[in-house]
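Enquirer: Okay, handing you the structure first.
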Amino acid sequence: MPQEPAVKTTPYAQKLSSHPISHDDGAAEMGKKVDRELDPYRSTRIGELIDHIFPEPLIPGSDKTIDDIYSAITTGDDWLFSATTRTWKSCPNLSVASNNGDVEVDFASFLNTLATRISVVVGKECRRIATGAYAGNRNHLPGGPGSERRPDVLFFEKEGPQSWETVISHWEVKNKHKYWRQARTQVGEGARLIYESQYDRRFVVAASILGFDIILHLLDRAGEVSSATFDMRGQPRAFLRIFTATIFSEKDRLGYDPSITTLEDGRRCVTVAQESYVIEDWVYRSHSIRGRGTACWRASRNGVTYAIKDYWTDMSRAVTEAEFLREAENHAVEGVPRLVAHEVAEFRGQKDTTKLIRPILSEEMYSKMYLDAYTSVGERVHMRLVMTPFAMPITHFKTKGELVGAFIDVIEAHKQLVEKANILHRDISVNNIMLVESSDQEGKNGRRRGLLIDLDYAAHYSPDDAQKDRKVALLERTGTTPFMAIDLLSASGQRVHVPRWDLESFFYVLIWVFILYDGPCKSERKIKFSDTVLFKWTNDDFESIGMNKYAAVTSPDFWESKVLRWVAPYFADLKPCLTRIRDLLFFTEEKTHDKFIRILQEEFEKLPDEGSSGDEEASEENLPTTQTSAVEQFRSSYAMAGVNGLIAEGRPDSEWSGKQDDEGAEGSDSAAAGPSHSWADIASTGSRGRKRTAGEIAESRGDYTESGISPDSRSRGWVSDPSAFRTPSPVRSPPSWGSTRVRAEGSRKSHSRGPTSSESSKRHRGQ
């Protein structure tokens with residue numbers, strides 16, 4: 001039979017999601033996860049970074065310079081700095097350990113005294129304030145999920161409320177330079193909470209105070225850059241520049257987006273393609289720093305509701321999501337959003353990119369700092385899309401008929417994308433299947449229809465390789481681990497993405513819903529997530545996840561005990577449907593859209609128009625129950641990355657080195673292709689050395705998506721015994737697995753290091 005046309009891609013890079021930080025997530029655990037996200041994308045000791053971020057003039061409407069301010073505070077009887085003794089009057093001894101925030105409170109008081117003096121010098125009222133009130137255990141900073149965070153010194157508007165939603169900048173204070181790593185971690189934690197809590201941040205500026213040493217940090221969607229360390233007593237002008245900018249500069253110089261404004265009633269307004277939209281609700285926010293940083297808003301204009309997607313995409317992508325949506329519309333594809341407007345956001349008349357934020361970092365500098373080519377930072381551009389209709393997540397289905405019908409719709413939409421527009425989605429997940437309210441689009445029996453969203457990681461699908469001239473995206477392996485096809489998880493080198501992999505992803509989404517939800521309207525099931533097979537699909541290295549999936553869907557015993565047994569009673573009458581889809585995808589040659597849809601359609605016809613068949617009263621087969629839902633456990637346990645999102649890139653899978661398939665770069669689509677190593681061999685061989693989980697690999701690279709799940713546990717898969725694969729069923733191994741080699745984990749080169757001991761010894765730290 002003819003093979004499916006294939007899409008050539010660059011070497012795969014896993015694309016994972018960012019989960020919200022749970023309210024129960026400890027500060028220590030949050031810090032570990034933030035470091036794993038940022039470490040490969042930190043650029044340290046950047047010369048002239050302070051002057052670049054805060055060039056003069058610093059104060060709107062004033063011609064006073066830092067030299068003017070320095071001269072004023074070093075002369076007269078009311079001096080604040082002595083150049084002779086290198087002493088800041090009223091500044092506490094920052095080399096002394098804090099006792100429940102007392103040093104931070106005193107330091108903030110000194111900063112406010114300095115702000116008052118600068119205000120007199122420049123003739124401008126100071127409208128911001130520093131506070132150390134939240135450093136100890138006495139006060140909790142409201143807003144955001146960072147209830148356990150105790151930020152040291154925060155800057156706010158004087159007249160406004162104080163919460164994570166209003167933090168302008170944060171400084172982390174340590175009494176010795178040797179604690180620079182802890183300070184840097186806390187800077188990252190604070191930046192993430194600010195990003196998660198504020199609509200309008202392009203970047204975050206923060207500082208580490210290490211005794212009297214200072215490091216300036218800038219965190220944006222490409223990662224983090226930081227300055228060389230300086231002593232605030234030996235280089236008082238550098239300290240004055242940072243502080244004066246924080247207190248007096250316009251907010252857009254501190255990372256705020258001036259294109260988002262506040263109306264008199266408190267609502268936000270954003271302009272896209274010269275049209276103004278009122279933001280009614282912030283329905284999705286990215287929960288990572290580096291990556292696309294996607295925000296999704298429910299917005300309105302002239303009484304019409306729209307979905308606005310705001311994100312930072314990889315500049316190397318030659319075809320944008322907006323272009324794919326236009327192509328889909330031009331080819332009359334149904335079941336995908338309609339693009340109303342789009343734009344590249346601008347900042348002060350220029351295209352808003354991370355290069356605009358940090359132009360001081362040249363390509364040459366990046367290449368020197370990042371020895372691993374795959375860790376290249378890349379340039380990101382700020383995009384906005386306005387789309388219609390506004391839709392609800394698939395988990396908000398009202399009946400089983402509506403759920404099954406929605407899957408019919410989105411698989412049909414996927415088919416039309418492939419056959420009409422030559423577009424392959426490549427990121428099917430539970431987050432990219434939506435329901436269109438019946439007021440927007442009516443279907444059979446008035447049910448809501450399915451909508452397939454998020455084409456940002458789509459690719460042109462053509463047997464003639466329509467992308468051969470496409471500029472290679474830096475971080476290209478697409479997929480969301482619990483929904484990724486087995487072949488994709490096992491792929492090594494230049495492989496191709498084919499439609500049947502997306503069909504397999506639809507199948508895994510059905511399993512996800514059937515196990516984690518026990519009824520309509522987002523009714524989350526109260527079982528232990530760690531007891532389910534899904535835990536092993538989110539919680540290990542790529543190979544082990546693939547092996548677990550393969551065993552679960554092809555072994556009769558595992559299919560029954562690990563999948564069907566865990567299907568919620570509400571969906572019990574759909575178990576035969578699930579098994580038929582499994583058989584189609586893993587035990588037949590023709591894995592087509594039409595065959596998949598036919599199975600669902602036959603089941604749809606059997607279901608009542610409303611309500612359920614009554615199986616929801618069936619027993620839970622003595623499965624362990626919990627006080628919280630499995631979905632909430634998942635969010636809390638994998639707090640680094642988010643379940644609800646839209647995407648940031650992964651990168652080529654250099655952690656797993658191996659030969660290319662014998663068939664060449666395109667691999668083989670033949671179901672009969674056999675591996676060069678048996679599954680039992682792979683399972684028994686295991687890793688040479690400790691394998692990192694997919695989550696560890698992804699997080700160390702910053703491979704966060706906003707439309708997937710990022711694993712984070714170190715536990716191994718439950719398919720560890722070679723005998724587990726010796727089942728009586730005539731199961732064939734996945735065609736691509738034979739090329740996979742398990743790579744021992746080596747020590748990853750660090751691309752951001754602290755100062756050496758010799759460098760530190762040269763600094764005067766006031767100890």
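The values are calculated or read from the model by the stated rules, or taken from the named source; none is laboratory data. Predicted model only: the values in this text are computed from it and were never measured. Virtual Cβ from ideal backbone geometry, glycine too; neighbours counted across all protein chains shown.
Enquirer: Please list, ordered by residue number, the helices (runs of 4 or more DSSP H) wholly in the stretch 1-86 having 1 or more residues that are crowded, with 18+ Cβ neighbours inside 10 Å and modelled with pLDDT under 90. Spell out the reasoning first.
Expert: Details: elements: 27-38, 49-53, 66-73.
Qualifying helices (runs of 4 or more DSSP H): 27-38.
Enquirer: Which residue out of Y508, Y517 is within 28 Å of the chain's Cα centre (by Cα), free of Cβ contacts under 8 Å to residues at least 60 places away in the same chain and under 24 Å from Q601 (Cα atoms)? Spell out how you get there, then give the answer.
Expert: Working: Y517 fails: free of Cβ contacts under 8 Å to residues at least 60 places away in the same chain.
So the residue among Y508, Y517 that is within 28 Å of the chain's Cα centre (by Cα), free of Cβ contacts under 8 Å to residues at least 60 places away in the same chain and under 24 Å from Q601 (Cα atoms) is Y508.
Enquirer: Shifting gears a bit: Give the stretch 567-593 a look and list any residue that's among the charged types (D, E, K, R), touching a Lys or Arg at 6+ places or on another chain (Cβ under 9 Å) and over 14 Å from E504 (Cα atoms), or say none. Walk me through it before giving the result.
Expert: Taking the stretch 567-593 and keeping what is among the charged types (D, E, K, R), we get 573, 575, 580, 582-583, 589-591.
Those still in the list that are touching a Lys or Arg at 6+ places or on another chain (Cβ under 9 Å) too: 573, 591.
Answer for the stretch 567-593, where residues must be among the charged types (D, E, K, R), touching a Lys or Arg at 6+ places or on another chain (Cβ under 9 Å) and over 14 Å from E504 (Cα atoms): just D573.
Enquirer: Report yes if V272 is in the same structural domain as R202 (by TED's automatic domain parsing), over 11 Å from Y199 (Cα atoms), of a type outside the set (G, A, S) and in contact with a His (Cβ under 9 Å, 6 or more places away or on another chain), otherwise no. Show your work before the answer.
Expert: On the way: in the same structural domain as R202 (by TED's automatic domain parsing): no; over 11 Å from Y199 (Cα atoms): yes; of a type outside the set (G, A, S): yes; in contact with a His (Cβ under 9 Å, 6 or more places away or on another chain): yes.
So V272 does not fit the description; no.
Enquirer: If G291 satisfies all but one of (1) part of a strand (DSSP E or B); (2) farther than 20 Å from I53 by Cβ; (3) within 20 Å of the chain's Cα centre (by Cα), what's the number of the condition it fails?
Expert: (1)
Enquirer: Then there's this: Going through the stretch 277-303 one residue at a time, which ones are over 22 Å from R380 (Cα atoms) and of a type in the set (A, V, I, L, M)?
Expert: Step one: filter the stretch 277-303 for residues over 22 Å from R380 (Cα atoms), giving 277-283, 298-303.
Within the stretch 277-303, V278, I279, V283, A299 meet the criteria.
Enquirer: From the list R233, R221, exactly one residue is closer than 26 Å to M30 by Cβ, in contact (Cβ under 8 Å) with a residue 24 or more places away in the chain and crowded, with 18+ Cβ neighbours inside 10 Å. Which is it? Talk me through it step by step, then tell me what you get.
Expert: On the way: R233 fails: closer than 26 Å to M30 by Cβ.
The match here is R221.
Enquirer: Within the stretch 80-95, which residues are within 12 Å of M232 (Cα to Cα) and in contact with a helix residue (DSSP H, G or I) (Cβ under 9 Å, 6 or more places away or on another chain)?
Expert: Within the stretch 80-95, F81, A83, R86, W88, C91, L94 qualify.
Enquirer: Being of a type in the set (A, V, I, L, M, F, W, C), modelled with pLDDT of 95 or more and within 25 Å of E224 (Cβ to Cβ): is that true of F156 here?
Expert: Criteria met by F156.
Enquirer: Can you tell me which residue in the stretch 315-327 is nearest to the chain's Cα centre (by Cα), limited to those that are among the small types (G, A, S) and farther than 16 Å from V386 by Cβ? Steps first, please.
Expert: Within the stretch 315-327, the first condition is being among the small types (G, A, S), and the residues that meet it are 316, 318, 322.
Checking the rest, the ones that are also farther than 16 Å from V386 by Cβ come to 316, 318.
Details: S316: 19, A318: 22 Å.
Of everything passing the filter in the stretch 315-327, S316 is nearest to the chain's Cα centre (by Cα).
Enquirer: For the stretch 247-283: of the residues being in a loop (DSSP other than H, G, I, E, B) and free of Cβ contacts under 8 Å to residues at least 60 places away in the same chain, which is nearest to F110 (Cα to Cα)?
Expert: As a first pass, look at the stretch 247-283 and keep what is in a loop (DSSP other than H, G, I, E, B): 249-250, 255, 257-259, 263-267, 273-274.
Cutting the leftovers down to free of Cβ contacts under 8 Å to residues at least 60 places away in the same chain gives us 255, 263-267, 274.
Values: G255: 25, L263: 35, E264: 35, D265: 36, G266: 33, R267: 36, Q274: 45 Å.
Out of the qualifying residues, it is G255.
Enquirer: Take the stretch 297-318 and flag every residue that is more than 16 Å from A341 (Cα to Cα) and in contact (Cβ under 8 Å) with a residue 40 or more places away in the chain.
Expert: Restricting attention to the stretch 297-318, the residues satisfying the condition of being more than 16 Å from A341 (Cα to Cα) are 303, 312-318.
Correct list: W312, T313, D314, M315, S316, R317, A318.
Enquirer: Here are some residues: R184, R149. Which one is closer than 22 Å to E29 by Cα and modelled with pLDDT under 95?
Expert: Values: R184 fails: modelled with pLDDT under 95.
None of the others qualify; the one that does is R149.
Enquirer: While we're on this one: Any idea which of (1) among the polar types (S, T, N, Q); (2) within 24 Å of P258 (Cβ to Cβ); (3) at pLDDT below 95 is the one S300 doesn't satisfy?
Expert: (3)
Enquirer: Show the residue pairs that are 6+ apart or on different chains and have beta-carbon atoms under 8 Å apart, the first residue being within the stretch 446-464 and within 14 Å of P499 (Cα to Cα) and surrounded by fewer than 23 Cβ atoms within 10 Å (Cβ to Cβ), the second being among the aliphatic types (A, V, I, L, M) and modelled with pLDDT under 95.
Expert: Close Cβ pairs satisfying both conditions: H460/V7; H460/V319; H460/A466; S462/V7; P463/A6.
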